[in-house]
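Student: Next up is a structure, given as structure tokens.
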Amino acid sequence: MLAQRRILLLLSPLLVLAVACGGAGAGSSGTTGDEQDQTGSSKLLDCNVFLSGGGPDQQVTVLRKNGGLVLRELTENGATEERPLSEEEWSKKDIELRDDEYGSKNRFWKASDGWMYESKSDGWRSSGYADCSRD
């Protein structure tokens, strides 16, 4: 009886973990949601942006949606803004981001060693690498 209790105590955390993760049982599609959302759009680029001096965007995402490209920006205020992205802009890997309320010009581009972000206005400039989970 004591041995059975010990086995149950050892296996309980694994059971809880399996239930919490949901597993990929029969009938599950196996897609994670990162590859495709429920509207059928797929992520081509998904990056978090870190600037030491701040900046207008926290996240930059490029989606293929309804046959076209969409640029989605999560702003510093937590709002999401979207605009159509041209195939030319995407193929160049040089994307103009929205202007913030302070008149900064913002750019996102692919350098040889990763995606870069730049925000600049009169007398101020900040740039850095983006942390991308899909590229």
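Student: So how many residues does region 105-115 have that are at pLDDT 90 or above and within 15 Å of residue 59 (Cβ to Cβ)?
Tutor: Final tally of qualifying residues: 2.
Student: Just the residues that are assigned to a strand (DSSP E or B), surrounded by fewer than 16 Cβ atoms within 10 Å (Cβ to Cβ) and aromatic (Phe, Trp, Tyr), please, taken from region 91-135.
Tutor: Those that are assigned to a strand (DSSP E or B), surrounded by fewer than 16 Cβ atoms within 10 Å (Cβ to Cβ) and aromatic (Phe, Trp, Tyr): 109, 124, 129.
Student: Can residue 81 be described as at pLDDT 50 or above and in contact with a Ser or Thr (Cβ under 7 Å, 6 or more places away or on another chain)?
Tutor: Judged against the criteria, residue 81 is a match.
Student: Out of the residues in region 50-68 that are more than 18 Å from residue 130 (Cβ to Cβ) and surrounded by 15 or more Cβ atoms within 10 Å (Cβ to Cβ), state the one that is modelled with the lowest pLDDT.
Tutor: Result: 65.
The values are calculated or read from the model by the stated rules, or taken from the named source; none is laboratory data. The structure presented is a predicted model; accordingly, all values stated were derived computationally and were not measured. Virtual Cβ from ideal backbone geometry, glycine too; neighbours counted across all protein chains shown.
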